[in-house]
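Q: One structure, pasted below without further comment.
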Amino acid sequence: MELKLYIDKASHLPEKIWYQDPNDAHMTLRMKKIETDAALSDTLFDRGKLFPADAETIDRRTMP
């Protein structure tokens, strides 16, 4: 597996991410119109909206 992150020299923001898996399949993600310091909604990461009501939460921090 290989992962490459390309950074724009002037802005220091990511330009693209290139990924190759163990089977030699690869993917390139190109970044366009990156917004910085954008306001985020207080409920953006609200579990109740992200997951179904019957989803089980596993906290790996408490697992041995």
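Q: Can you find a residue that is of a type outside the set (Lys, Arg) and at positive phi anywhere in the range 40-61? Reasoning before the result, please.
A: To start, the set of residues in the range 40-61 that are of a type outside the set (Lys, Arg) comprises 40-46, 48, 50-59.
Okay, now just the ones that are also at positive phi, so none.
Looking through the range 40-61, none of the residues is of a type outside the set (Lys, Arg) and at positive phi.
Q: With respect to the numbered conditions (1) in contact with a strand residue (DSSP E or B) (Cβ under 7 Å, 6 or more places away or on another chain); (2) of a type in the set (S, T, N, Q); (3) modelled with pLDDT under 90, which one is the sole condition not fulfilled by Thr62?
A: (1)
Q: Within the chain, considering only strands (runs of 3 or more DSSP E) that don't extend past its boundaries, which have at least 3 residues that are loosely packed, with under 10 Cβ neighbours inside 10 Å and in contact (Cβ under 8 Å) with a residue 40 or more places away in the chain? Break it down stepwise before answering.
A: Details: elements: 2-7, 14-20, 26-30.
By residue number, no strands (runs of 3 or more DSSP E) qualify.
The values are calculated or read from the model by the stated rules, or taken from the named source; none is laboratory data. Everything quoted here is computed from the prediction, not taken from an experiment. As a convention, Cβ positions derive from the backbone with ideal geometry for all residues, glycine included, and neighbour counts pool all protein chains shown.
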